[in-house]
Every structure is written in structure tokens, then in C-alpha cells.
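The values are calculated or read from the model by the stated rules, or taken from the named source; none is laboratory data. All of these numbers come straight from a predicted model, not from anything done at the bench. For neighbour counting, all protein chains shown are included, and Cβ atoms are generated from backbone atoms with ideal geometry for every residue, glycine included.
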Amino acid sequence: MNEPKPELASPEAILHAIEKFRSLDLRYASQPKVHEAVELLRETIDRLVIAGTALAPHLLWRLRRIKVDEKLATLGHLWEPPPDLAELSRCNAESTPLLYCSSDILTPFQELDIKAGECVLLIEYESKAKPEPLESTADFASTLEAMMQDLSSRETAERIYDDPRRLKLHRVVGPPEAQFSCRDDNLSYRIFREFVREEFTRPVGRGTEFLYRISSAICTELGGHHEGWIYPSVVSLRKENLAIQPGAAHEKLRVKSARVVLVRDGGRLPDGTWIDVPSPHFPARYMFQELRTVEDPNTEPIRWIESDKGSCRIVPA
């Protein structure tokens, strides 16, 4: 019996291309050198990365550090940075901004490693598309995918997925296993998936931003026409972050709320109970006290409303 024809580059070719990346000194390598390394993976990346598309959740969250007395005046501060302030990051090249946010409220606190005593601007976005009941499930993407496989629910799933008001993003890390008919393709897939997962979850700190050059090259040079990316959180691999093209973000999202909050390590809840965070009896890691909120997050200039500072809120796990 003949072996099925491979669809992907061979495992040897994948390993050779990865070694090409690994041999680069990313601090000094020219962009043509990085591009040359990307080209070796182009066939496989186009097949594996671009094919994985998912809908963004209805609600998204973003944080940015802010001074306690800082009152931003324009709506632009609630969105992506301007090109002249956009630094090289996980999915974007320098001067090419994306809107980075998370699918839950806890992850951005963890990603920025927010400490008690710090002030942050907490921004909540919502899709302009009408929310579906199933979006209240723990994993909207998996639920929708399961519905697509079920004849009784496929029509509903297709209607949701085809709604032009919804953001459609590419997952950079596919499922752990693939079902290719060629045995070498399954091995190629696993090798490549682990390489991509490692690059998109690599911790990067001040002074090592050059390590973003591989993940940003995968997105910027191989993305084609897309609305953004979904990639795993560095600090919580079961959570996801999103990097959204500005045009798509402004077209399909709106700011639901924006507030300045002070992160605390203890405080009084609305019911009057005082707790410390974290504690043996209450393992939540973050608590914040709202200082002020934007009256209308879609009207300029921004008008800030001082908040009742009597109680605190817990960031749910």
C-alpha cells in the first residue's frame, strides 16, 4: 500500500528551518536575515497557522498602568497606541500597533504583574454583534466548534460564525494532536507546534525585547489578510490573549467601560466584610478599589466621574 503524499514540509526541513532561527543573534540580525529564516517555514506556517481561525469572545479586557492623579482626555488612550509609540511586541513589528487584550479580567493583571499600591486603567470592550446565550459558557470557542460538528446545531453555529460583525482571529498554536494521513506530517506538525508554542510563551522582559522578533515575524510576515491573532498567555497557559488589527477593532468593538482602579492587598467588600488578599481562606490574588470611571467611553472629550471609594472588588480567578 502506497504511503499518502505529504502535505507539509518534512520533519527534517522543519528542524532545519528552526535551527536557522536558533542560530540568529536576534539582537543584531538584520530584517532580511529574519525574513530569510521565515521563508523556510512559509509553506508549513501557511498550512498550520493560517488555517486555525476562531471567533473572539463577546467581552475583552485590557490594562495599562497609570498615575493615580492622571486623567486622560481623549478616547485614543482607550485603544491601541499610535504608530510612533508602538514598540516591538509579541505579534507586531515596531511602529505597527495592535490592540492587545485578554479574554478574561484576571489574565491582564497577571501578565503585567500588577502589585498592590499600583494604579491601572481597566478597559472593557464588547463586540458590536448581539451576544449569543452560549457565550456565557466557559469556553465559547470549543462550544462553537462542537456545535459545528453536530448536524442538529450546525446551522446555528454557522450563523454565529458568519456574522460579519464578529472578529475572526487566527490561533497561532493549534491543538496538541493532528490527524494527517501521512505519518511524517503528524511528526512535522508536532515539531512545528512546539516551536511556535515556545516562541509565543517565551517570557520577555526589559532589555530582552529582541526576543519578540520571531513571534512578531510569524504574525507580520505570514499573516496575510486577517483581523488579528489569538495566542496563549505566558503566565497562565490555559488562558488566551488577543492581538487585534486596529481597523478591525474599531469596526467591530466598542468600549463598554473604562475605570481607574487602585490595586490593594486588603479591603472591605460591598457587604462590609474585610479581607486580605491573598489569604488561606480567600486565595484570590487581586483586589481593587475603583477611583474614577469614564462617564461615556465613546464620547470625546473624556469626562471622569469620581467613584465611591468605600468598598473594594475582587478580581475573579
**Item:** Qualifying positions in region 265-277 - surrounded by fewer than 18 Cβ atoms within 10 Å (Cβ to Cβ) and in a strand (DSSP E or B)
**Value:** G266, R268, W274, I275, D276
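Filter region 174-204 down to residues that are hydroxyl-bearing (S, T, Y) and in contact with a Pro (Cβ under 8 Å, 6 or more places away or on another chain) and give me whichever is nearest to L242 (Cα to Cα).
Across region 174-204, the extreme among qualifying residues is T201.
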**Prompt:** Regarding Y231, is this residue of a type outside the set (D, E, K, R) and in a helix (DSSP H, G or I)?
**Reply:** no
**Asked** Taking strands (runs of 3 or more DSSP E) that do not extend beyond region 26-109, which have at least 3 residues that are modelled with pLDDT of 90 or more and in contact with a Pro (Cβ under 7 Å, 6 or more places away or on another chain)?
**Response** 59-65
**Prompt:** What are the residues in region 81-104 that are buried (at least 17 other Cβ atoms within 10 Å of the Cβ) and over 20 Å from V204 (Cβ atoms), if any?
**Reply:** S103, D104
**Item:** Among the candidates K239, K252, K256, residue that is touching a helix residue (DSSP H, G or I) at 6+ places or on another chain (Cβ under 7 Å) and basic (K, R)
**Value:** K239
**Message:** Let me spell it out: the conditions are (1) at pLDDT below 85; (2) in a helix (DSSP H, G or I), and A13 meets all of them except one. Which number is the exception?
**Reply:** (1)
**The lone exception for A138 - which of (1) part of a loop (DSSP other than H, G, I, E, B); (2) under 23 Å from L237 (Cα atoms); (3) at pLDDT 90 or above it fails** = (3)
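Which of the residues belonging to region 85-103 are of a type outside the set (A, V, I, L, M) and more than 17 Å from I218 (Cα to Cα)?
Kept after step one, since they are of a type outside the set (A, V, I, L, M), are these residues of region 85-103: 87, 89-92, 94-97, 100-103.
If the condition is that a residue be of a type outside the set (A, V, I, L, M) and more than 17 Å from I218 (Cα to Cα), then C101, S102, S103 are the ones that fit.
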**Request:** Quick one: which residue in I191, I214 is more than 18 Å from the chain's Cα centre (by Cα), under 24 Å from L8 (Cβ atoms) and either touching a residue at least 12 places away in the same chain (Cβ under 8 Å) or in a strand (DSSP E or B) (or both)?
**Result:** I191
**Item:** Sole residue being closer than 29 Å to G76 by Cα, among the β-branched types (V, I, T), touching a helix residue (DSSP H, G or I) at 6+ places or on another chain (Cβ under 9 Å) and at pLDDT 85 or above, chosen from V120, V196
**Value:** V120
**Item:** Criterion (within 25 Å of V120 (Cβ to Cβ), surrounded by fewer than 22 Cβ atoms within 10 Å (Cβ to Cβ), in contact (Cβ under 8 Å) with a residue 40 or more places away in the chain and under 13 Å from the mean Cα position of the chain (by Cα)) met by exactly one of P246, P232
**Value:** P232
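Table: residues versus (1) closer than 17 Å to P81 by Cα; (2) at pLDDT 90 or above; (3) not in a strand (DSSP E or B).
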position	(1), (2), (3)
L242	yes, yes, no
E251	yes, yes, yes
R254	yes, yes, no
S257	no, yes, no
**Complete:** Sole miss for H225 among (1) closer than 28 Å to H35 by Cα; (2) at pLDDT 90 or above; (3) in a loop (DSSP other than H, G, I, E, B) is condition (2)
**Request:** Name the single residue, out of those in region 160-180 being modelled with pLDDT of 80 or more and exposed (fewer than 15 other Cβ atoms within 10 Å of the Cβ), that is farthest from the chain's Cα centre (by Cα).
**Result:** P164
